[in-house]
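What follows is calculated from the coordinates using simple rules that are stated; it is not laboratory data. Only a predicted model underlies this, so the values are computations on that prediction, with no experimental measurement involved. Heads up, the Cβs are rebuilt from the backbone with ideal geometry, glycines too, and the neighbour counts pull from every protein chain shown.
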Amino acid sequence: MDLRKFFLKIDPLIAGWMNRHGFIFLRCSLAIVFIWFGGLKFTGISPANELVAKTVYWFRPEVFIPILGAWEVAIGVCLLIRPLIRVAIFLLLLQMPGTMLPLVLLPEVCFTYFPFGLTLEGQYIIKNLVLISAAIVIGGTVRSKA
């Protein structure tokens, strides 16, 4: 069998497997990210704690950061429990504008060269666009039985 015929035979199998399993992988991986990152905040060992404290300076960090961590863990747990996906999406969409605040309030921390040169902190924030998109994909399935 030549390589082209092999590809034409295996490609639909791989694409079908991805179609059957991709959604659950997306939902579980998004849940893991929120539980993990939230747990780090909740325990006080998140590398984002300083950025959060500088951004949300009107709240005491020792109070706000654990609450934020618990919020993120709640998002992750709700993503794992199918009937609670709507709750997860709601909590996530409430939280995400706050994650973008450093881009406005702390541009010197987020950019090496505005608006395209991102620092590591800036990249950490911009990656949330992927999380938002994943949440939209997951949210689009709440009315289905899958």
Set of aspartates and glutamates near residue 54 by C-alpha distance (under 17 Å), chain-local residues within fewer than 8 positions excluded: 62, 108, 121
Name the most mobile residue of 16, 117, 44, meaning the one with the largest mean-square fluctuation, in a Gaussian network model of the chain with Cα contacts below 10 Å. 16
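List the chymotrypsin sites (Phe, Trp or Tyr not before Pro) in segment 37-146 that DSSP assigns to loop (not H, G, I, E or B) and whose Cβ has at most 10 other Cβ atoms within 10 Å. Which are they?
Answer in residue order: 58, 116.
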Amide H of residue 111: which non-local residues (sequence gap of 5 or more, or other chain) have their own amide H closer than 5 Å, using H built in the peptide plane? 119
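Once you have a ≥ b ≥ c as the square roots of the Cα gyration tensor eigenvalues for segment 15-139, tell me rounded if a/c is under 1.5, and otherwise prolate or oblate according to whether a/b is larger than b/c. Working shown, then result.
Numbers: a/c = 2.33, a/b = 1.44, b/c = 1.62.
Oblate, since a/c reaches 1.5 and b/c is not below a/b.
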Where the only charges are on Cβ atoms (+1 Lys, Arg; -1 Asp, Glu), what is the dipole of the chain about its Cα centre, to the nearest 20 debye? 760 debye
Listed residue (135, 39, 92) projecting farthest to the positive dipole end of the chain, Cβ model: 135
Simple spin-label estimate for residue 129 and residue 100 in nanometres, 7 Å along Cα-Cβ: 1.1 nm
For the chain the mean separation of alpha carbon contacts under 8 Å (6+ apart) over residue count, i.e. relative contact order in percent, is 22 percent
Based on alpha-carbon atoms only, what is the radius of gyration of segment 95-146 relative to the globular estimate 2.2 N^0.38 Å? 1.46
